[in-house]
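A short write-up of the structure that comes next.
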Amino acid sequence: MLCMNGLWRREIKAPIYDESNGWFRSLGVVPPARPLKGSLRSDWVIVGGGACGLATARYLALLKPDDRIALIEASRIGFGASGRNSGFMLDHNTHGHTKSQAVTRRNNAICSAGTKLLRELVQTHGIECDWSDWGRIYVSAGVSGDRHLRDLQAAYERDNISYARLESDEMAQLVGTKFYRAGLKVGGNGLVNPAALMRGLAATLPPNVEVFEGTCVRSWRGGPTIEVLTDHGEVRSKNIIFCTSVFSGEFGIARNRIAPVALFASMTSPIPDRLMSAFGDTEFALLPATENGSTIRLIKGNRLLMRNCISFPRKSGFSQDFLASVEQRLRKAMIARWPQFASLEFTDTWSGLLGFTRNDAIEFGQVAPNVYVNVSSDAAPVARGTATGKLLAEKICGVRSKLLDLAETAPRAALIPPRAILKHVVNHRIRSAERRAREEF
């Protein structure tokens with residue numbers, strides 16, 4: 001690639017996010033950003049301040065305490081994709097279509113390691129992110145959901161994962177609606193405010209990591225010395241690590257290998273006390289047994305988080321009119337479950353990007369002299385990216401482990417079609433999945 005042969009890669013576009021992010025807005029006032037200004041020399045520069053970048057920076061700093069590490073984030077930490085998800089820190093995630101046992105066990109091992117690391121960091125540093133070990137329930141509302149729930153139960157039996165099956169009356173007692181036919185409750189995951197988690201992880205990085213927010217990389221080039229140009233500064237570094245998810249292609253990294261998908265969520269205003277009596281618990285977390293369907297959480301402050309809309313992302317972002325249509329769809333899903341909430345207001349509606357590969361791949365490791373990548377893709381990206389961040393740091397430092405050996409069995413991400421074709425392929429798959437599982441929305 002040009003940028004890896006000493007030539008500049010220019011005109012890198014800044015990521016575009018919706019103005020709203022309910023999780024981030026719930027934090028209130030956050031400290032002002034510290035952008036990069038002027039010239040900086042470092043041993044390592046890490047581009048991307050999401051889960052992958054934060055984990056890579058943390059564990060590299062611990063293994064190389066004398067190295068200077070610069071972490072650059074284009075937006076605010078916690079405002080991007082890692083702070084826009086539904087807040088499930090998944091130790092395993094096997095819903096939807098059945099994967100091979102080898103792929104499932106590799107994914108489960110990596111996700112489990114990532115969730116364990118996050119739980120330990122939250123406890124050790126006292127990170128205030130509303131961490132909960134309530135667990136999650138994979139739910140079914142129709143024939144398609146029932147079939148996937150049976151497949152999931154069989155996978156749990158095969159892999160010795162503990163679960164509790166909840167029938168329709170038990171589900172109704174817990175979540176206050178007869179919408180669901182059955183559910184499988186499992187533990188091991190964490191539930192969080194993801195924006196708060198990202199902010200807390202950044203605030204507790206080792207002292208040899210400098211964090212620069214509101215700093216968009218505009219160009220870079222490789223060579224014996226890595227050069228990075230931003231809007232108001234520059235970095236000269238010995239090494240560079242890209243933790244840039246679906247934006248990696250902008251930097252010439254993993255080009256045409258990560259398919260972006262936008263998911264949409266809304267957060268309600270607080271539910272009045274007189275309506276909270278419908279629920280059998282003060283919190284719950286529901287995931288569809290199918291690949292697509294409604295993800296729902298009852299979160300701190302007696303609010304509902306609803307997510308069930310998926311789309312191929314637009315280069316210019318999503319308009320307010322489009323987000324308004326998303327909100328109406330999410331409202332329809334809420335009322336289908338809880339008609340008594342018809343007057344409940346939605347305070348925020350936003351999108352978040354998730355990357356997928358064609359072949360259950362992992363993009364992490366060295367891709368050129370002094371150039372590395374850690375791109376978390378597919379389901380459970382925060383837990384997965386945290387684990388691979390630690391593994392990449394250990395790989396760089398020559399620290400081997402069974403988990404690293406297992407991660408290295410994953411293939412490189414296969415090539416995907418050009419964007420114009422990919423858009424039609426992705427949207428067709430989304431529409432087909434929605435038709436097959438329409439009862440789950």
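Rule-based calculations on the coordinates, nothing more; no lab input. Just so we're clear, the structure is a prediction, and the values are computed from it rather than from any experiment. Positions of Cβ are backbone-derived with ideal geometry, glycine not excepted, and every protein chain shown enters the neighbour counts.
Side notes on the structure shown:
- Neighbourhood charge, 9 Å Cβ-Cβ cut-off, centred on PHE441 and excluding it, Lys, Arg +1 and Asp, Glu -1: 0
- Approximating the spin labels as points 7 Å out from Cα along Cα→Cβ, the ASP273-to-LYS300 distance works out to 2.1 nm.
- Relative to the longest principal axis of the Cα atoms of the chain, the long axis of helix 143-159 lies at roughly 60 degrees.
- The ARG431 and GLN320 beta-carbon pair, evaluated with R₀ = 35 Å, returns a calculated FRET efficiency of approximately 0.90.
- Reducing region 215-260 and region 148-186 to their Cα centroids gives an inter-centroid distance of 44 Å.
- Its residue count N fixes a reference of 2.2 N^0.38 Å for region 41-156, and the Cα radius of gyration divided by that reference is 1.34.
- Residues VAL326, VAL192 in ascending order of nearby Cβ atoms (within 10 Å, fewest first): VAL326, VAL192.
- Pairwise Cα separations in region 263-311 fall into 5 Å bins from 0 onward with the following percentages, short to long: 5, 20, 28, 22, 14, 9, 2, 0.
- 19 Å Cα-Cα reach of LYS315 towards aspartates and glutamates, excluding residues that sit fewer than 8 places from it in its own chain: GLU11, ASP18, GLU19, GLU250
- Residues of region 391-431 falling in the label zone of ASP151, defined by backbone nitrogen less than 20 Å from a point 7 Å along Cα to beta-carbon, are 426-431.
- Helix 51-63 vs. the chain, principal-axis angle (Cα, 0 to 90°, nearest 10): 50
- Summarising the amide proton neighbourhood of THR215: residues at separation of 5 or more, or on other chains, whose placed amide H is nearer than 5 Å comprise GLU73, ALA74, SER75.
- Around GLU394: net Lys/Arg minus Asp/Glu count, Cβ-Cβ under 13 Å: +4
- Within region 333-370: backbone nitrogen closer than 20 Å to the LYS238 label point (7 Å, Cα to C-beta): 365-370
- Amide hydrogen neighbours beyond the local backbone of ASP348, cut-off 5 Å, H modeled: MET267
- Gyration tensor over the Cα atoms of region 106-159: the corresponding equivalent ellipsoid has semi-axes (square roots of 5 times the eigenvalues, largest first) of 30, 15, 7 Å.
- Full-stretch length increase - GLN173, GLU11 - with 0.36 nm per residue and alpha-carbon distance subtracted: 52.8 nm
- Mean projection of the Cα convex hull over all viewing directions, computed for region 259-414: 12.3 nm².
- Computed [θ] at 222 nm, deg cm²/dmol, the chain (DSSP H ≥ 4; -39,500 (n - 2.57); rounded to nearest 500): -10000 deg cm²/dmol
- The label point for SER100 and the one for ARG358, both projected 7 Å from the Cα toward the Cβ, are 1.6 nm apart.
- Theoretical FRET efficiency, 1/(1+(r/R0)^6), r = Cβ-Cβ of GLN328 and LEU404, R0 41 Å, to 0.05: 0.30
- By the rule of a C-alpha distance below 12 Å, with chain neighbours fewer than 8 residues away ignored, the aspartates and glutamates paired with LYS64 are ASP43, GLU394.
- Legend: residue pairs LYS185/LYS332; LYS116/LYS300; LYS116/LYS390; LYS13/LYS238, Cα-Cα distance threshold 20 Å; pairs beyond threshold, LYS185/LYS332; LYS116/LYS300; LYS13/LYS238.
- In degrees, nearest ten, helix 320-337 long axis to first principal axis of the chain (Cα): 40
- In terms of other Cβ atoms within 10 Å, ARG84, ARG257, ARG436 run from fewest to most in the order ARG436, ARG257, ARG84.
- The P(r) of region 372-431 has a tail past 16 Å containing 58 percent of all C-alpha pairs.
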